[in-house]
Amino acid sequence: MGAPVPVLLRPLGVGEIIDRALTLYVRNFIVFTGTVLAVIFIPVGIGDYLLLGNQGSELQAVIQTIQHPNSPPPSLLNANASMPELAGGVIMLLIAALLLPFAINAVAINTAAIYRDTRPSILHALAATFRRTGPLIGLIALEILIAIGIYIGLIVLIAAGTFGVIASVGGNAANLGWVGVLLLVVLGIVLLVALFVLLLLFVIALSFAGYAVVIEHMGAVEALGSGFRRIFNRREWGKAALIGFVAMLLGIGVSSISSFVGLGIAFVPGSHLLGTTWNTLVYAASYALQTVFYAVYYYDVRIRQEGLDLEVALGRLAPSAP
């Protein structure tokens, strides 16, 4: 468990946020990752074990498919698992998905402890988070509804755009000409980039909403509104998108590096349990890293907007120094 790291509450630039988040994460790696593992280790581990087969056998199946293209492709799921085992694996991963917000909000509370120059505590952070179970569940329900709405909206938008293009060219792409095709390609790229940025902003806004529930003791609806207000404004959206992009790249980097280790584990006899344990550890470490980034940015936004009021809020969350 990392020792307390004194943190000065002041506005930060993007580079300073990245540096502070990485510093806090590295120095407190065990407590941050342990906070996530304490909540999701069992459901993720069991779900992964039941759903995914022995990775060594899967690699052999992939090699066999490459050597004999006519052979059936390998299954992504555990081919030896029964239907009850597969169903159990899915249920366990769903439970993990519902518990994950509690884990990442507990990481934010441990970040608050460090900001108060006290030792972070897994038990204290989890207790403070689970005391807000009702509002957090309400927030999760709202987030699910928002995700469904966005999905339906994207389907409608894509369908409308596709039919609009077909109608405008009379079903013949040649009517557009090369300039029209080029403009459509550019427009498509611009829309994809905009959608990507919008997704990053949504992720951070929803993360801020969770922090507002456990740190500011807001209700679900009020917290959701505060998260969107703090991110979707002219002063913040550019900075938020950059922070989200860096956090995403680091999470991908952690997963990519771990995949090489997982590849070596796959060739170890009886590696199924070992591989499952490794995957779960990496999953927790990656989420803890991204949460620390968002939490540091959350405190930066609040200190710029609320000043000393933030110190009072942090004081309610952090335990007294030993």
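The values are calculated or read from the model by the stated rules, or taken from the named source; none is laboratory data. In this text, all values refer to a predicted model and were calculated from it rather than measured experimentally. Every residue, glycine as well, gets a Cβ built from its backbone with ideal geometry; the counts of neighbours run over all protein chains shown.
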Quiz item: What number of residues within the range 113-133 are in contact with a Gly (Cβ under 9 Å, 6 or more places away or on another chain) and more than 12 Å from residue 35 (Cβ to Cβ)?
Solution: 3
Quiz item: Does the range 182-195 contain any residue that is modelled with pLDDT under 90 and of a type outside the set (A, V, I, L, M)?
Solution: yes
Quiz item: With 229, 304 as the choices, which residue is surrounded by fewer than 18 Cβ atoms within 10 Å (Cβ to Cβ), assigned to a helix (DSSP H, G or I) and modelled with pLDDT of 90 or more?
Solution: 229
Quiz item: Identify, please: which residue in the range 110-137 is assigned to a helix (DSSP H, G or I) and of a type in the set (S, T, N, Q) and is, among those, farthest from residue 303 (Cα to Cα)?
Solution: 133
